[in-house]
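See structure below.
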Amino acid sequence: MAFDLRRCLALFYVVLLGVVSPAAMAGDGDEHWPSDTSLSLKQLVDLATETYPKMAVAGAMEEEAVALHRRGDSWLPGYPALYAQYIDDSLSRNRGIKQVQTGLQLPLWMWGQKAAGQHLADRATANAAEFQRTLRYEVAGLVRELLWDIAAAESRFRLAKQVYDVSSRLTNTVRLRVEAGDLARADLLLAQSDNLEKLNAVTEAEANLAQTLQAYGNLTRLDRLPGAFDEPPSPLVAIADTHPAMTAANTAVERARAELEWVRTSKQGNQPTVLVGTQHDWFERGLARDDSTNLVVQVPFGGGDYNAPVEADANVKLNQAIAERDLLARQLERFLHEAERRLAVDKAQLAVAQQRKKLAERHFDISRSSFEAGEMELLDLLKIEGAARTAIQDAELLSIQCKRDTARYNQVVGEMP
């Protein structure tokens, strides 16, 4: 009996449906990068944070805090100065009158200025620490997204490769039948065209996977993936005060407030000073030198108008920090509602997709029996098979999406790996 290409295609899709079933998709696929079972999600985030470019800013902030502590703990609020003055009458009467003054001038802390400086240093230290914590939070969000991008890309690539492998086996079978004279060469061209189409799908899926892996390596500077990165949903249901981003925003506000207080008390460095020194006088040539001691105290006063622009600038920065914190709180609240809704919707869609998959598989089994009995055309069977394969892929990708949604929810509420 002559070989029937339509029946061969039908059998091909029967095999394909079994190959791309959920059980097969859950199995081991081709891995472009190795999975390290000893690498946890927490360790991955820590390693990625260490090489994150913004860590240089965190280091600079720590150095700034140390410098502010040194200033706040110093005995003097500014630079000491040596004073020397020489006066004579050589250009006037030239009677030998001379005067020499020397001394040491020391700046003094103004009332409350030293305490303001120490408070500013403490706030800067806390701000630097929280900045590092929020950097880890930022990196955790990037890592979570990339890992689930990779999971979705691997799923698509695995499915495309399985479809292509089955298509290649079918093409070889058709070629043998053409060589045996059972089929026309046009049938082989049809099978080869279908095979090339499947190959293009593999190439596109592999390129997408390579792109996501490159993005992962660019962020983490690693060439291996964690063995598992599924996360249980966080028990948090609201944005807590301990949220990394909110804590960092609060410490930034407190640092800006401390900076304003420092500006108000420092008066732009116009410090009170005390000068302790000596004075030596020669009132006439040939007479003995007269020695005395000098004590000079300088206390600046007034000048509020001169310092007002600097205070106003510090106050603007404080209000900017407050506004950014309040906007962040609203943004996180909106993100939380979106994450809750997206997770609930995707879970509901996953339940429907799993039911559709079961119905599609059952429908295909019935249709295959009808086709084998001669009660159905190949075109109708292929339409049913296409719907079944789509249902299987949708269920797989929605399962991944639900896990991504859980990771996003955890990120929004501040649950750290």
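The values are calculated or read from the model by the stated rules, or taken from the named source; none is laboratory data. Keep in mind that what you see is a predicted model, and the values were worked out from it rather than measured. Neighbour counts run over all protein chains shown; Cβ positions are idealised from the backbone, glycine included.
Observations on the model:
- The set of residues from region 193-217 being more than 21 Å from Leu142 (Cα to Cα), surrounded by fewer than 15 Cβ atoms within 10 Å (Cβ to Cβ) and polar (S, T, N, Q) comprises Ser193, Asn200, Thr203.
- Criterion (assigned to a helix (DSSP H, G or I), over 30 Å from Ser266 (Cβ atoms) and either modelled with pLDDT of 90 or more or in contact with an Asp or Glu (Cβ under 7 Å, 6 or more places away or on another chain) (or both)) met by exactly one of Leu176, Leu170, Leu135: Leu135
- When Asp223 is tested against the conditions (1) modelled with pLDDT of 95 or more; (2) in contact with a helix residue (DSSP H, G or I) (Cβ under 7 Å, 6 or more places away or on another chain), the lone failure is (1).
- The C-beta contact set for region 43-61 (first residue touching a residue at least 24 places away in the same chain (Cβ under 8 Å), second residue not in a helix (DSSP H, G or I), distance under 7 angstrom, 6+ apart or interchain) comprises Leu44/Pro226; Val45/Pro417; Leu47/Leu222; Thr51/Arg221.
- Extreme residue, surrounded by the most Cβ atoms within 10 Å (Cβ to Cβ), among residues of region 149-178 that are out of contact with any Leu (no Cβ under 9 Å at 6 or more places or on another chain) and among the acidic types (Asp, Glu): Asp149
- Residue match in region 263-270 (condition: in contact with a strand residue (DSSP E or B) (Cβ under 9 Å, 6 or more places away or on another chain) and not polar (S, T, N, Q)): yes
- In region 70-92, residue nearest to His119 (Cα to Cα) [restricted to those that are under 60 Å from the mean Cα position of the chain (by Cα) and part of a strand (DSSP E or B)]: Ala81
- Filter pass, Met110 being at pLDDT below 95, of a type outside the set (Phe, Trp, Tyr) and crowded, with 16+ Cβ neighbours inside 10 Å: yes
- Filtered residues of region 326-350 (kept if surrounded by 13 or more Cβ atoms within 10 Å (Cβ to Cβ) and more than 19 Å from Gln411 (Cβ to Cβ)): Gln349, Leu350
- Qualifying residue in region 285-299 (condition: touching a helix residue (DSSP H, G or I) at 6+ places or on another chain (Cβ under 7 Å) and either closer than 30 Å to Gln411 by Cα or at pLDDT below 90 (or both)): no
- Scanning region 383-408 for residues that are over 30 Å from Arg341 (Cα atoms) and surrounded by fewer than 17 Cβ atoms within 10 Å (Cβ to Cβ), we see that the one that is modelled with the lowest pLDDT is Gly386.
- Check on Thr125, of a type in the set (S, T, N, Q), over 30 Å from Ala81 (Cα atoms), in a helix (DSSP H, G or I) and at pLDDT 95 or above: yes
- Against the criterion of being touching a strand residue (DSSP E or B) at 6+ places or on another chain (Cβ under 9 Å), modelled with pLDDT under 90 and not charged (D, E, K, R), Gly29 does not qualify.
So that you can scan it fast, the table gives a plain yes or no per residue for (1) of a type in the set (Ser, Thr, Tyr); (2) touching a Lys or Arg at 6+ places or on another chain (Cβ under 6 Å); (3) part of a helix (DSSP H, G or I):
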{"position": "Asp223", "(1), (2), (3)": "no, no, no"}
{"position": "Ala228", "(1), (2), (3)": "no, no, no"}
{"position": "Pro232", "(1), (2), (3)": "no, no, no"}
{"position": "Ala258", "(1), (2), (3)": "no, yes, yes"}
{"position": "Glu261", "(1), (2), (3)": "no, no, yes"}
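- From the list Asn250, Asn294, the one residue that fits, being surrounded by 13 or more Cβ atoms within 10 Å (Cβ to Cβ) and over 33 Å from the mean Cα position of the chain (by Cα), is Asn294.
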